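Novice: Quick one: this structure, given as structure tokens, is what I'll be asking you about.
The values are calculated or read from the model by the stated rules, or taken from the named source; none is laboratory data. The structure presented is a predicted model; accordingly, all values stated were derived computationally and were not measured. Here the Cβ is made from the backbone with ideal geometry for all residues, glycine too, and neighbour counts use every protein chain on show. Each accessible area value is taken on the protein alone, full model and side chains, heavy atoms only, with ligands, DNA and RNA left out. Shrake-Rupley method; radii C 1.70, N 1.55, O 1.52, S 1.80 Å.
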Amino acid sequence: MLKNKHIVLGISGGIAAYKSATLVRLLVKRGAEVQVVMTPSGREFITPVTLSALTGKPVITEFFTANTGQWNSHVDLGLWADAMVIAPATACTIAKMATGVADNMLVTTYLSAKAPVFVAPAMDLDMIAHPSTVRNLRTLRSYGNHIIKPAEGELASHLIGKGRMEEPEEIVRVLERFFSSASDLKGKKVMITAGPTYERIDPVRFIGNFSSGKMGYALADEAAARGAEVTLVSGPVSITPSQPGVKVLNVESAREMHDTCQNLFPDTDIAIMCAAVADYAPAQVATHKIKRENQEVPVIELVKNPDIAASLGKIKRHGQMLVGFALETDNEQANAEDKIRRKNLDMIVLNSLRNPGTCFGTDRNKVSIITLDGACTEYPDKSKTEVAHDIIDAIVSRINK
Ligand code: C5P
């Protein structure tokens, strides 16, 4: 898939630059031609000699090669590339890319690149969470760049958190996926529900749950990367999709999510119901904040919310595919199979609460995929990005049956 592909690898000055040598090695092993472009501070973290030995090409860091006076054309390089990967991308380089501060070869090449751009941020946990970085990454996404989300773990500062550059193997997988499956969902309309729902009690309180939306957003990114037209019907979450082109419709309550899905479903090929929908909502929403003083303990009467997946199952046409999720604590498989039938699903993704460190709120998940014909495939504990890849693979292979 990467054979003969021209990859420009931009390396900026972060400690994760030591991983760039492995990245180059993996790309070259797969037959890619790699041209490294480094920022001046990138050179402080890894020597150009290592990288040119691995790529078989001189590393470019300056507009001119000092000893020959040769002009290094960022425009030619930008046009030569089938993909540009910036790994590690520091906060500084990301900010320059977002605002067009073209004061080094890496950023000028980026501005000239016509090929898809992949950005693998690497920085400390506070830097990645800073509103400035968040805004700059959002800007890059709006330019159509692909952000390879940083992983969680121990950082160079010895702090634990988000900010580690994704491992070279995963970056290569992202590229392979991009080149191999860029079109296996082309022409398909995919609707995905994600996140929790909030059921209002009064103007300041609600009934909700711990769903972060990460699994649904990873599915939306994966489906979009594979060519689908994706609409994400999202409950309240604090994340955004990485893929450009994912349309997000924000909803709050189960009722709103239900109505939005009902409208969209007739024009949908594949619906994936990943949201953690509240089963009940307060029968009445108080118009004023419920006060504590002089009151007996309030009793909140609940009414049943609509089952969105089941309601879509009732109107599903031949050729449409409906995928559900199940979170079970016991009799997992039997309950999941029962749910497939009750909701008229084609496939169900079962996640278990038994696996510590996976599922709600985390970046990992361990799932089994059960299809209508009873076949069950168990997968190992993986990142949600990889799980999304497995789920979409399972859907694609079913469509192609
Ligand atoms: O019945 P249960 O909540 O276990 O079913 C889970 C599946 O049904 C998930 O796919 C979830 O998104 C969907 N669901 C729904 N509407 C509800 C409850 C669950 O779409 N009200």
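Novice: With respect to residue 248, determine if the residue is more than 13 Å from the ligand (Cβ to nearest atom), assigned to a strand (DSSP E or B) and not charged (D, E, K, R).
Specialist: On the way: more than 13 Å from the ligand (Cβ to nearest atom): yes; assigned to a strand (DSSP E or B): yes; not charged (D, E, K, R): yes.
Taking the combined requirement at face value, the residue satisfies it.
Novice: Looking at the structure I just gave you, is residue 326 part of a strand (DSSP E or B) and modelled with pLDDT under 95?
Specialist: Against the criterion (part of a strand (DSSP E or B) and modelled with pLDDT under 95), residue 326 qualifies.
Novice: Please pick out the residue among 231, 287, 260 that is open to solvent by 20 Å² or more (accessible area, probe 1.4 Å), of a type in the set (Val, Ile, Thr) and part of a helix (DSSP H, G or I).
Specialist: Unique residue meeting the criteria: 260.
Novice: Here's something else I'd like to know. More than 16 Å from residue 19 (Cα to Cα) and of a type in the set (A, V, I, L, M, F, W, C), is that true of residue 63?
Specialist: yes
Novice: If residue 149 satisfies all but one of (1) in contact with a Ser or Thr (Cβ under 9 Å, 6 or more places away or on another chain); (2) charged (D, E, K, R); (3) assigned to a helix (DSSP H, G or I), what's the number of the condition it fails?
Specialist: With respect to (1) in contact with a Ser or Thr (Cβ under 9 Å, 6 or more places away or on another chain); (2) charged (D, E, K, R); (3) assigned to a helix (DSSP H, G or I), residue 149 is out only on (3).
Novice: Can I ask one more? I'm checking my understanding of the structure. Among residues of segment 263-284 that are more than 16 Å from the ligand (Cβ to nearest atom) and either touching a residue at least 40 places away in the same chain (Cβ under 8 Å) or touching a helix residue (DSSP H, G or I) at 6+ places or on another chain (Cβ under 7 Å) (or both), which one is least open to solvent (accessible area, probe 1.4 Å)?
Specialist: Among those that are more than 16 Å from the ligand (Cβ to nearest atom) and either touching a residue at least 40 places away in the same chain (Cβ under 8 Å) or touching a helix residue (DSSP H, G or I) at 6+ places or on another chain (Cβ under 7 Å) (or both), it is 269.
Novice: What residue, among those in segment 290-323 that are aliphatic (A, V, I, L, M) and assigned to a loop (DSSP other than H, G, I, E, B), is farthest from residue 269 (Cα to Cα)?
Specialist: In this case the residue turns out to be 297.
Novice: Taking residue 63, is it touching a residue at least 40 places away in the same chain (Cβ under 8 Å), open to solvent by 10 Å² or more (accessible area, probe 1.4 Å) and over 26 Å from the mean Cα position of the chain (by Cα)?
Specialist: Details: touching a residue at least 40 places away in the same chain (Cβ under 8 Å): yes; open to solvent by 10 Å² or more (accessible area, probe 1.4 Å): yes; over 26 Å from the mean Cα position of the chain (by Cα): yes.
Considered against the rule, which asks whether it is touching a residue at least 40 places away in the same chain (Cβ under 8 Å), open to solvent by 10 Å² or more (accessible area, probe 1.4 Å) and over 26 Å from the mean Cα position of the chain (by Cα), residue 63 comes out as yes.
Novice: Continuing with this model, one more query. Go through the residues of segment 68-90 one by one and say whether even a single one is open to solvent by 20 Å² or more (accessible area, probe 1.4 Å), without any contact (Cβ under 8 Å) to a residue 24 or more places away in the chain and touching a helix residue (DSSP H, G or I) at 6+ places or on another chain (Cβ under 6 Å).
Specialist: Looking for residues that are open to solvent by 20 Å² or more (accessible area, probe 1.4 Å), without any contact (Cβ under 8 Å) to a residue 24 or more places away in the chain and touching a helix residue (DSSP H, G or I) at 6+ places or on another chain (Cβ under 6 Å), one finds none in segment 68-90, hence no.
Novice: Would you confirm whether or not segment 182-196 contains a residue that is at pLDDT 95 or above, touching a Phe, Trp or Tyr at 6+ places or on another chain (Cβ under 7 Å) and not charged (D, E, K, R)?
Specialist: Yes: one or more hits.
Novice: Identify, please: which residue in segment 144-186 is more than 23 Å from residue 2 (Cβ to Cβ) and in contact (Cβ under 8 Å) with a residue 40 or more places away in the chain and is, among those, most open to solvent (accessible area, probe 1.4 Å)?
Specialist: If we take residues in segment 144-186 being more than 23 Å from residue 2 (Cβ to Cβ) and in contact (Cβ under 8 Å) with a residue 40 or more places away in the chain, then 152 is most open to solvent (accessible area, probe 1.4 Å).
Novice: I need a count of the residues in segment 298-354 that are within 12 Å of the ligand (Cβ to nearest atom), under 18 Å from residue 373 (Cβ atoms) and of a type in the set (S, T, N, Q).
Specialist: Matching residues across segment 298-354 total 2.
Novice: Let me ask something else. Could you list, in sequence order, the residues of segment 115-146 that are part of a helix (DSSP H, G or I), closer than 18 Å to residue 85 by Cα and either under 14 Å from the mean Cα position of the chain (by Cα) or aliphatic (A, V, I, L, M) (or both)? Walk me through how you get there before you give the answer.
Specialist: Here is the first cut: in segment 115-146, the residues part of a helix (DSSP H, G or I) are 125-129, 131-142.
Those still in the list that are closer than 18 Å to residue 85 by Cα too: 136-142.
Within segment 115-146, 137, 138, 140, 141 qualify.
Novice: Can you tell me how many residues within segment 98-121 are closer than 24 Å to residue 173 by Cα and open to solvent by less than 10 Å² (accessible area, probe 1.4 Å)?
Specialist: Counting residues in segment 98-121 that are closer than 24 Å to residue 173 by Cα and open to solvent by less than 10 Å² (accessible area, probe 1.4 Å) gives 7.
Novice: Residues in segment 382-397: is at least one farther than 29 Å from residue 183 by Cα and in contact (Cβ under 8 Å) with a residue 12 or more places away in the chain? Before the answer, list the steps.
Specialist: Our first condition is that a residue be farther than 29 Å from residue 183 by Cα; within segment 382-397, this holds for none.
No, the conditions are met nowhere in segment 382-397.
Novice: Looking at segment 361-375, is at least one residue in contact with an Asp or Glu (Cβ under 8 Å, 6 or more places away or on another chain), more than 12 Å from the ligand (Cβ to nearest atom) and hydroxyl-bearing (Ser, Thr, Tyr)?
Specialist: Yes.
Novice: Right, another one. Suppose we filter 53, 98 for residues that are closer than 30 Å to residue 129 by Cα and part of a helix (DSSP H, G or I); which single one remains?
Specialist: 98
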